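Q: Below you will find the structure I want to go over with you.
Each reported figure results from applying straightforward, stated rules to the coordinates on display, with no laboratory input. None of the values given here were measured: they were computed from a predicted structure. So basically every Cβ, Gly included, is an ideal-geometry build from the backbone, and we count neighbours across all protein chains shown.
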Amino acid sequence: NELITFKDVVKEYGTGESKQIAVNHVDFTIDEGEFVVILGQSGAGKSTVLNMLGGMDQPTSGSIRINGEEISTMNDNQMSRLRAENIGFIFQFYNLLPSLTAYENVALTKEIVKDALDPSELLDAVGLQEHKNKFPSQLSGGEQQRVSIARALSKNPKIILGDEPTGALDSETGIAVLELLQKMCKERHKTVIIVTHNTAFAQCADKVIRMRSGKIREIKVNESPVPVS
Ligand code: ADP
Ligand code: ADP
């Protein structure tokens, strides 16, 4: 079942002399439950694709459908609703609120989404049962990223997006975080899409979308993706 479709998507920034084509006639589809890695070097257009996927940015032309809805013509309110209902975000630098504990950071979702999942269960699921009452400053980078994964899962979204989610972690911790994401994807039937320049992540994805200079260079489907560890 197709969950996401990009059709002839173009994103330009600026006009005239300063015009930048960040995404240049891009087509792809993503199925429900897929673990997708968007690979490419800096400037390839990966974040722009992810931002459009997350409803944070709209294409200059082309069609983007998420969960059957055309988002290229949505207004701000419709985009906010789409984000709130369908999408969880994980960031390179975690974006946790420093004055709140791990538990409180995850529990915040309850104020935004009525069917939010139980923070305590989610923190257990990401292996942080011992750390629920700690503040972000008392946690390692890998632990903070686990909190942010629990937070992303808490609104029970269909889609989880990560922009270089392991970018601030050492490689061992990064692999553990990737492994957790892969596990959450399979066990909770989430569609997980991460952007990275780390080519080592390609082997664990169901689908690899390789970009360069705003264009898709290759889309590869792994029939038997390798578990991360
Ligand atoms: P990546 O995530 O692969 O590093 P980006 O999607 O961030 O690539 O950027 C793709 C291209 O679009 C780059 O040339 C970048 O400079 C340009 N770009 C991205 N965002 C903006 C913006 N807000 N304004 C102008 N140019 C942008
Ligand atoms: P609203 O428009 O309803 O105020 P928010 O700005 O609170 O929506 O954002 C909704 C979701 O989108 C949140 O999960 C937030 O983390 C994410 N988000 C908002 N802006 C950005 C951004 N620039 N980059 C990445 N994620 C963002």
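Q: Does anyone have the angle between helix 171-187 and the longest principal axis of the chain? Alpha-carbon axes, 0 to 90°, nearest 10?
A: Tilt relative to the chain: about 80 degrees.
Q: Now a separate question. How large are Rg and Dmax for the range 68-134 when only the alpha carbon atoms are used, in Å?
A: 14.6, 45
Q: If you don't mind, there's one more thing I want to ask. For the range 1-125, what size does the Cα cloud have along each of its three principal axes, sorted from largest down, in whole Å?
A: Over the range 1-125, Cα extents along the principal axes are 49, 32, 29 Å.
Q: Also: How big is the chain on each of its three principal axes, counting only the C-alpha atoms and giving the largest first in Å?
A: 52, 39, 37
Q: What relative contact order, as a whole-number percentage, does the chain give when Cα pairs under 8 Å and 6 or more residues apart are counted?
A: Result for the chain is 27 percent.
Q: Mind jotting down a quarter of the surface of the convex hull over the alpha carbons of the range 149-229, in square nanometres, one decimal?
A: 5.7 nm²
Q: Which value in Å does the Kirkwood hydrodynamic radius of the range 70-191 take, with 1/r averaged over all unlike C-alpha pairs and then inverted?
A: 14.6 Å
Q: I would also like to ask the following. First select every other residue whose beta carbon is under 14 angstrom from the beta carbon of Glu223; then total the charges, Lys and Arg +1, Asp and Glu -1.
A: Taking every Cβ under 14 Å from that of Glu223, the sum is -1.
Q: In degrees between 0 and 90, to the nearest 10, how far off the longest principal axis of the chain does helix 141-154 point, with axes built from Cα atoms?
A: 80 degrees
Q: Given axes a ≥ b ≥ c from the Cα gyration tensor, I'd like to know whether the range 95-138 is rounded (a/c under 1.5), prolate (a/b larger than b/c) or oblate.
A: Verdict is oblate for the range 95-138.
Q: Sort out for me the Cα centre separation of the range 186-225 from the range 166-180, rounded to whole Å.
A: 16 Å
Q: Residues with beta-carbon under 14 Å from that of Val37, excluding Val37: net charge, scoring Lys, Arg +1 and Asp, Glu -1?
A: -1
Q: Same structure, new question: Arrange Val221, Val36 by Cβ neighbour counts within 10 Å, fewest through most, would you?
A: Val221, Val36
Q: Can you compute the FRET efficiency between Ser140 and His189 using 1/(1 + (r/R0)^6), with r the Cβ-Cβ distance and R0 = 35 Å? Round to the nearest 0.05.
A: Approximately 0.75, to the nearest 0.05.
Q: Take the Cβ-Cβ distance between Asn198 and Asn75 as r, set R0 to 35 Å, and report the resulting FRET efficiency rounded to the nearest 0.05.
A: Rounded to the nearest 0.05, the efficiency is 0.45.
Q: So what is the 222 nm mean residue ellipticity for the chain from helices alone, if each DSSP H run of at least 4 adds -39500 (n - 2.57) and you divide by all residues, rounding to the nearest 500 deg cm²/dmol?
A: About -8000 deg cm²/dmol.
Q: When the Cα atoms of the range 187-229 are enclosed in a convex hull and the volume is divided per residue, what value in Å³ results?
A: 89 Å³
Q: Work out, step by step, the length gained on full extension between Lys215 and Lys110: first 0.36 nm times the residue separation, then minus their alpha carbon distance; give nm to one decimal.
A: 33.9 nm
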